[in-house]
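Written out below as structure tokens is the structure these notes cover.
The values are calculated or read from the model by the stated rules, or taken from the named source; none is laboratory data. Because the structure is predicted, anything quoted here is derived from the model rather than measured. Cβ coordinates were reconstructed from backbone atoms using ideal geometry, including for glycine residues, and neighbour counts include every protein chain displayed. Note: accessible area is taken over every heavy atom of the protein model, side chains too, but ligands, DNA and RNA are not part of it. Shrake-Rupley method; radii C 1.70, N 1.55, O 1.52, S 1.80 Å.
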Amino acid sequence: MFGKGEFLLRTFTELRGLPVVDLEDGYIAGYVCDACLDKNGRFTGLLLHEKGFFKKGRIVPSESICTIGKDGIMMKGRSTLKSLSEFREAYFLTSRRRIQYKEVFSAEGEKLGLLADVYFSEHLGTIVAYELTDGFFADMMEGKKKLYPPGTLTISKDAIVMDFIH
């Protein structure tokens, strides 16, 4: 594990496919397939791809996540899993109400780029930064941009608006 005071940032892309393990009995509840956010950009949970043919996917609420480790995500109690229908208004990074590659603007009207990924803190289980892209060639020349959480963030079906505290 990591020493006190240390924490690593991991992108959602690195979390995709990791098992979610119940601390109470060691049961694998499923595998991470998407990140769930509310309209204000707050991380609300992880969508699981579950074992079984007729499973529709359930969500591990963020408050049920104990740790995000290198090889798995530990949760407290499968009874805390929520159905997808309880997250109708949620946005997802890569599926359903998808926000990946949505345009990101500042509150002043400046286009900041396209949302490529989000960074999680392994200790906190929260989004601590957003990765923006300007496209493949710009990324090759300049690299992707990392923005730390703004004062407010608003997600809609059309765009994402970040209002930075001055």
### Task
Starting from region 35-49, take each residue that is open to solvent by 10 Å² or more (accessible area, probe 1.4 Å) and list its partners that are of a type in the set (S, T, N, Q) and not in a strand (DSSP E or B), counting only C-beta distances under 6 angstrom and pairs at least six apart or across chains.
43/62; 43/126; 44/62
#### Entry: Pairs, first touching a residue at least 60 places away in the same chain (Cβ under 8 Å) in region 141-166, second of a type in the set (Phe, Trp, Tyr) and surrounded by 17 or more Cβ atoms within 10 Å (Cβ to Cβ), C-beta under 6 Å, six or more apart
155/91
### Task
Please determine, by comparing only the residues of region 50-77 that are in a loop (DSSP other than H, G, I, E, B) and surrounded by 14 or more Cβ atoms within 10 Å (Cβ to Cβ), which one is modelled with the lowest pLDDT.
50
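Of the residues that sit in region 1-47 and are among the acidic types (Asp, Glu) and closer than 16 Å to residue 69 by Cβ, which one is modelled with the lowest pLDDT? Steps first, please.
Step one: of region 1-47, the residues among the acidic types (Asp, Glu) are 6, 14, 22, 24-25, 34, 38.
Next cut, closer than 16 Å to residue 69 by Cβ only: 6, 14, 22.
Numbers: 6: 48, 14: 91, 22: 96.
My answer is 6.
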### Task
Would you please list the contacts, defined by Cβ atoms under 6 Å and residues six or more apart or on different chains, that run from a residue in region 68-89 that is over 18 Å from residue 37 (Cβ atoms) to a residue that is assigned to a loop (DSSP other than H, G, I, E, B)?
72/18; 74/23; 76/23; 77/24
### Message
Going through 142, 103, 108 one at a time, which residue ends up being over 27 Å from residue 21 (Cβ atoms), open to solvent by 80 Å² or more (accessible area, probe 1.4 Å) and modelled with pLDDT of 90 or more?
### Response
108
